[in-house]
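Below is one structure; the comments refer to it alone.
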Amino acid sequence: MERHLDEEMEIVKNDLLKMGIMVEEAIQNSIEALKKQDARLASKVISDDERIDEMDNQIEEKIIDLLALFQPFAGDLRFLTTAMHINSELERIADLTVNISQRVLELSEQPMLKPLIDIPKLAARAKHMVRESIDSFIKHDEKQALDVILSDKESNQLRTMVIQELIYDYMVKDASTVTRAVPLLLLTRDLERICDHATAIAEDVIYMVQAKMVKHHRADLKKPKSQKAE
Amino acid sequence: MTKLYMESLKEKSPKSTIDQSTIPDAIQDRGKSMSDKDKQKKDSSAENTKRKELTENLKITVRNFNFYYGPMQALKNINMEVVTNTVVGIIGPSGCGKSTFLRCFNRMNDTIADIRYEGDIHIDGQHIFDKNLDVVDLRRKVGMVFQKSNPFPKSIFENVAYGMKINGVKDKNKIAATVERSLKHAAIWDEVKDRLNKSAFALSGGQQQRLCIARALAVEPQVLLLDEPASALDPIATSKIEELIHELKKDYTILIVTHNMQQAARVSDYTAFFMLGELYEYDQTNKIFTNPSRKITEDYVTGRFG
Ligand SMILES: Nc1ncnc2c1ncn2[C@@H]1O[C@H](COP(=O)(O)OP(=O)(O)O)[C@@H](O)[C@H]1O
Ligand SMILES: [Mg+2]
């Protein structure tokens with residue numbers, strides 16, 4: 001039976017998908033701006049964030065309405081509470097792209113410290129993780145969500161590598177690099193936090209599908225359980 | 001009705017949604033000292049607590065129970081346990097056997113011709129279908145309130161006193177005290193104390209329903225059976241009944257049939273889902289409404305059929 005609530009949940013799903021695409025674009029643009037030292041593009045990321053904030057409010061209001069009006073249970077309830085979390089995770093990711101863009105603006109006045117290789121790699125990872133986590137939500141795919149969670153380790157390693165290089169190969173050796181190294185260091189940390197938010201989304205997806213809390217319980221992660229008994 | 005709930009909070013220590021064992025002792029100790037029961041809880045997970053309740057503190061057990069109206073089997077191999085002082089919500093589509101099931105516990109079905117049952121129901125370890133059991137005693141112990149309030153065409157006072165009188169209580173003071181206590185317990189005393197001798201029919205639907213609950217309470221039952229007690233009431237009267245149920249479970253074990261899923265979710269500790277005479281799922285209420293084990297339960301609670 002197709003229910004009115006199904007239609008409404010489909011709308012929420014689509015809105016979150018759109019928001020996910022906008023957020024991916026923001027990650028992409030902020031890192032393009034960094035690579036090309038493009039202050040205009042960085043400013044665009046900052047001003048576009050308003051639209052994402054607006055969207056965040058609208059989606060949240062919509063979900064609160066649905067909770068109040070339909071008083072959903074079971075799978076419906078898990079879908080809507082998960083959607084609510086994902087909405088705020090996406091909004092925070094967008095805020096981090098604003099931070100990154102502000103660092104880009106600081107850097108655009110000065111020559112680049114070094115050719116950037118690992119930072120764009122980390123950015124590509126972040127973007128990929130966001131895409132995969134949203135995709136796992138849309139498809140209710142716990143396996144895909146699990147892959148996102150497990151891949152977070154590599155982004156942590158990459159972040160540590162980049163930061164250590166900035167500190168020991170540049171800042172420690174030559175104090176005059178600090179003004180150019182610190183913004184890179186900060187934005188590296190922001191990229192890694194984007195990966196963390198994608199991981200949080202994936203954890204929510206696992207809750208939605210399996211009704212199992214995995215956040216803060218990484219050790220409990222297991223392969224997907226079988227379908228509900230008929 | 002808000003008041004009732006607040007009072008109950010004062011009496012017990014307020015529950016926390018946080019599992020107490022996750023709170024470091026240093027912080028825990030800053031709070032009120034824990035009762036022994038809470039300490040026990042701290043040591044065991046919610047799952048263990050539930051298991052413990054289920055094995056140590058049972059009011060009712062139903063074993064391999066079948067019920068027939070003539071050739072028609074209305075209940076099929078029901079097995080369930082009810083923990084003392086909890087509320088069990090019984091849900092399921094119309095005609096699935098909820099009322100029939102409820103009427104088994106005080107043997108109200110016995111009055112219907114051509115019925116038959118197999119299997120056991122025990123209340124406090126006593127087999128309720130035992131030949132030697134006094135059905136009047138059973139009905140005193142297991143009170144019932146129906147969907148349509150059915151006060152007798154008598155005064156408010158007489159309605160509540162009725163059960164005691166037919167049980168042979170003569171002491172006028174005792175009767176008056178019990179009437180007052182029952183009306184208070186049913187959260188209707190303040191509304192009727194100045195007109196106890198007026199006809200019960202002068203009360204509103206919601207008041208009549210609480211009067212019927214008071215009448216059931218007056219004979220000091222241990223188990224209360226409520227068959228859609230609020231389905232004919234407006235939202236305010238309904239929430240009064242719900243608050244009342246929340247209060248009453250301190251002293252009674254309650255089985256409530258309801259068509260209102262939100263109501264089952266709000267008032268019950270355990271929920272039983274029936275369909276076509278079978279008990280499909282029986283679990284803690286939060287489990288049934290956030291993550292039922294069976295797909296058919298999920299389909300029912302999310303309104304995909306029924
Ligand atoms: N007194 C009766 N005689 C014969 N059949 C009955 C009687 N009462 C109920 N039934 C049948 O038993 C089934 C369960 O009814 P009931 O217990 O009233 O269901 P519910 O309360 O879930 O709506 C239905 O098919 C109903 O028609
Ligand atoms: Mg019925």
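Treating each Cα of region A:83-160 as an identical point scatterer and ignoring solvent, apply the Debye formula and state log10 I(q)/I(0) at q = 0.20, 0.25, 0.26, 0.28 Å⁻¹.
Values, matching the q order: -1.01, -1.28, -1.32, -1.37.
Calculate how steeply helix A:4-36 sits against the longest principal axis of the alpha-carbon atoms of chain A, using the helix alpha-carbon long axis, and give the answer as 0 to 90 degrees to the nearest 10.
Helix A:4-36 sits roughly 10 degrees off the main axis of chain A.
Across region A:33-123, how many lysine pairs, 8 or more apart or on two chains, come within less than 29 Å at their alpha-carbon atoms?
Qualifying lysine pairs in region A:33-123: 9.
Kindly provide the trypsin sites (Lys or Arg not before Pro) of region A:1-93 that DSSP labels as loop, not H, G, I, E or B, and whose Cβ sees at most 11 other Cβ atoms within 10 Å. Let's see the in-between values first.
On the way: sites: A:Arg3, A:Lys13, A:Lys18, A:Lys35, A:Lys36, A:Arg40, A:Lys44, A:Arg51, A:Lys62, A:Arg78, A:Arg92; in loops: A:Arg3.
Loop-located and lightly packed - none at all.
So if the hydrodynamic radius of region B:249-306 is defined as the Kirkwood radius over C-alpha pairs, what does Stokes-Einstein give as its diffusion coefficient at 25 °C and 0.890 mPa s, in µm² per second? Before the final figure, lay out the partial values.
Numbers: Rh = 11.8 Å.
The estimated diffusion coefficient comes to 207 µm²/s.
Go through region B:144-242 and name the trypsin sites (Lys or Arg not before Pro) that are in a DSSP coil and have 11 or fewer other Cβ atoms within 10 Å of their Cβ. Don't jump to the answer; show the numbers that get you there.
Working: sites: B:Lys148, B:Lys154, B:Lys165, B:Lys170, B:Lys172, B:Lys174, B:Arg181, B:Lys184, B:Lys193, B:Arg195, B:Lys198, B:Arg210, B:Arg215, B:Lys240; in loops: B:Lys148, B:Lys154, B:Lys170, B:Lys193, B:Arg195, B:Lys198.
Answer by residue number: B:Lys170.
Under a plain spin-label model, where a point goes 7 Å from the Cα along Cα-to-Cβ, how far apart in nm are A:Ser43 and A:Leu186?
Spacing of the two 7 Å Cα→Cβ label points: 1.9 nm.
Mind checking which of A:Leu80, A:Leu34, A:Leu113 has the largest fluctuation in a GNM of chain A, springs on alpha carbons under 10 Å?
Per the Cα network of chain A with a 10 Å cutoff, A:Leu113 tops the list.
Using Cβ counts within 10 Å as a stand-in for footprinting exposure, how do A:Glu89, B:Glu247, A:Glu50 rank, fewest first?
With the fewest neighbours first, A:Glu89, B:Glu247, A:Glu50 line up as A:Glu50, B:Glu247, A:Glu89.
Using a basic spin-label model with each label point 7 Å from the Cα along Cα→Cβ, how many nm lie between A:Gln58 and B:Met72?
5.3 nm
Please get the size of the charge dipole for the protein assembly as shown, origin at its Cα centre, with Cβ charges of +1 on Lys and Arg and -1 on Asp and Glu, quoted in debye to the nearest 20.
On the way: 77 positive and 83 negative charges, 420 e Å.
That gives the protein assembly as shown a dipole magnitude of about 2020 debye.
Specify the residue with the greatest mean-square fluctuation among A:Ile163, A:Ile27, A:Ile206, computed from a Gaussian network of chain A linking alpha-carbon atoms under 10 Å apart.
It is A:Ile163.
Okay, helix-only estimate at 222 nm for the protein assembly as shown: each DSSP H run of n ≥ 4 adds -39500 (n - 2.57), divide by all residues, round to 500 deg cm²/dmol; what do you get?
-18500 deg cm²/dmol
Indicate, rounded to the nearest 5 percent, the antiparallel portion of the DSSP beta bridges found entirely in the protein assembly as shown. If you can, show how the numbers build up before the last one.
Working: 25 of 43 bridges.
If I count the DSSP bridges inside the protein assembly as shown, around 60 percent turn out antiparallel.
Would you list the P(r) distribution for region A:2-218, with all Cα-Cα distances sorted into 5 Å bins from 0 and each bin expressed as a whole %?
Whole-percent P(r) values from 0 Å outward: 1, 7, 15, 17, 17, 14, 10, 8, 5, 3, 1, 1, 0, 0.
Here, each number is a calculation from the coordinates, and none is a lab measurement. All figures in this text were calculated on a predicted structure; none of them were measured in a lab. Positions of Cβ are backbone-derived with ideal geometry, glycine not excepted, and every protein chain shown enters the neighbour counts.
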